[in-house]
Amino acid sequence: MKIAVVILNWNGRSLLEQFLPSIIKYSNEATIYVADNASTDDSIHFLEKTFPDVNIVKNDTNGGYAKGYNEALAKIDADIYCLLNSDVEVTKNWLIPIIHTFKDSDKIAAIQPKILDYKKKTHFEYAGAGGGFIDKFGYPYCRGRIFDTLEEDNGQFDDTTSIFWASGACLFIRKEVFEEVGKLDEDFFAHQEEIDLCWRIHNYGYKIVYVGTSTIYHLGGATLDTMNPQKTFLNFRNNLYLLIKNVPGNIIWFILFSRLILDGLAGVKFLLSGKLSHLFSILKAHLSFYANFIYFIKKRKKLSKSGKYYTIFSVVWQYFILKHKHFKQL
């Protein structure tokens, strides 16, 4: 089983300097690649000089997460890809449980390890935590992270279990499945494209698994800070793209109508908080969605036969009304 750990980089010289050593030290079972998204800093020169054994794949443009990985992975020969953020510290033997789990079943197409916060290593990290799920209205949440509430890691998610989506911060996927389901959707550019990919993986009849005996630490917000208006734009726009592409049947119209109302309420909250740039980001996201509506309608294909994609009706209701902040309360 040939494993390629592929780190996407854009002007991230300082992150490579900080995080590559642990990846090199603890990834003897894999070949390490840095996929460079046309960086304008000295990332390439630094890599060639400091880490000559790391393979470099050069992309011609900065196509974001989706296009960047699609272009780079097409040039890499491996059975398993690990899409790894450049701001991740890995731990000793982190690959061993992943390899064993893939060998358990050919139906396991993708795997996510436990993701803890690099800045607060006792707690789960926002982007993936203990494995991802989604509610009926398309709001993603995780075991160990619901909205902005992050749980302390007390071993409650040290298991191996099926999940709905695996985090793009550290996503293991079989090469043949990655290509079979159509790779990453480049129209997303960045944010939630891994959820779209995972949704398609389910629709093709494969499983996605969380392995809690493999641990990484994610810095988070290294490319776009959580309070960056561009991140707000991408999250709101891409979540609508995600729904229109993947929610099966006529229920999509109810879901979309509900989401537009809920997005409006989120905009009001930003307004009352004085965060006008984020309010405008939501408006911009909706305008972009309307402009591409027909285009995304045409992408509605290969939907699941059962149509069931969610485990709870509304995480918004559970979190904000019922005050259920932890996963076990849902």
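The values are calculated or read from the model by the stated rules, or taken from the named source; none is laboratory data. Everything numeric here is computed off the predicted structure, so don't read it as measured data. When we count neighbours, we look across all protein chains shown, and the Cβ atoms used for this are built from the backbone with ideal geometry, even at glycine.
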Worksheet, complete the sentence: Across (1) within 25 Å of ASN70 (Cβ to Cβ); (2) assigned to a strand (DSSP E or B), THR213 clears everything bar (1)
Worksheet item: Quick one: in the range 29-56, which of the residues that are crowded, with 19+ Cβ neighbours inside 10 Å and among the aliphatic types (A, V, I, L, M) is farthest from ILE108 (Cα to Cα)?
Response: LEU47
Discussion item. Take the conditions in contact with a helix residue (DSSP H, G or I) (Cβ under 9 Å, 6 or more places away or on another chain) and within 21 Å of VAL177 (Cα to Cα) and apply them to ALA72. Does it pass?
Written reply: no
Worksheet item: Among LYS323, LYS284, LYS328, which is the only one that is surrounded by 13 or more Cβ atoms within 10 Å (Cβ to Cβ) and basic (Lys, Arg)?
Response: LYS284
Fill in: For GLY138: the one exception among (1) in contact with a Phe, Trp or Tyr (Cβ under 6 Å, 6 or more places away or on another chain); (2) on the phi > 0 side of the Ramachandran plot
(1)
Response to the item:
By residue number, the members of the range 1-28 that are crowded, with 16+ Cβ neighbours inside 10 Å and aliphatic (A, V, I, L, M) are ILE3, ALA4, VAL5, VAL6, ILE7, LEU8, LEU15, LEU16, LEU20, ILE23
Worksheet, complete the sentence: Those residues of the range 136-162 which are in contact (Cβ under 8 Å) with a residue 24 or more places away in the chain and either β-branched (Val, Ile, Thr) or surrounded by fewer than 18 Cβ atoms within 10 Å (Cβ to Cβ) (or both) amount to ILE146, PHE147, THR149, GLU152, GLN156, ASP158, ASP159, THR160, THR161, SER162
Discussion item. Please go through the range 97-118 and give me each residue that is farther than 21 Å from TYR141 by Cα, of a type in the set (A, V, I, L, M) and either in contact with an Asp or Glu (Cβ under 7 Å, 6 or more places away or on another chain) or without any contact (Cβ under 8 Å) to a residue 40 or more places away in the chain (or both), ordered by number.
Written reply: ILE99
Worksheet item: In the range 10-68, how many residues are at positive phi and assigned to a helix (DSSP H, G or I)?
Response: 1
Practice prompt. Kindly indicate which of ASP196, ASP158 is farther than 25 Å from ILE32 by Cβ, modelled with pLDDT of 95 or more, in a helix (DSSP H, G or I) and not aliphatic (A, V, I, L, M).
Written response: ASP196
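Listed here are the residues, each with its yes/no results for (1) within 30 Å of SER105 (Cα to Cα); (2) small (Gly, Ala, Ser); (3) in contact with a Leu (Cβ under 9 Å, 6 or more places away or on another chain).
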| position | (1), (2), (3) |
| --- | --- |
| GLU193 | yes, no, yes |
| SER214 | yes, yes, yes |
| VAL247 | yes, no, yes |
| ILE261 | no, no, no |
Item to complete: Restrict the check to the range 72-87 and report whether at least one residue is part of a helix (DSSP H, G or I) and touching a residue at least 24 places away in the same chain (Cβ under 8 Å).
Response: yes
Worksheet item: Quick one: would you say GLY182 is free of Cβ contacts under 8 Å to residues at least 24 places away in the same chain, in a loop (DSSP other than H, G, I, E, B) and under 18 Å from the mean Cα position of the chain (by Cα)?
Response: yes
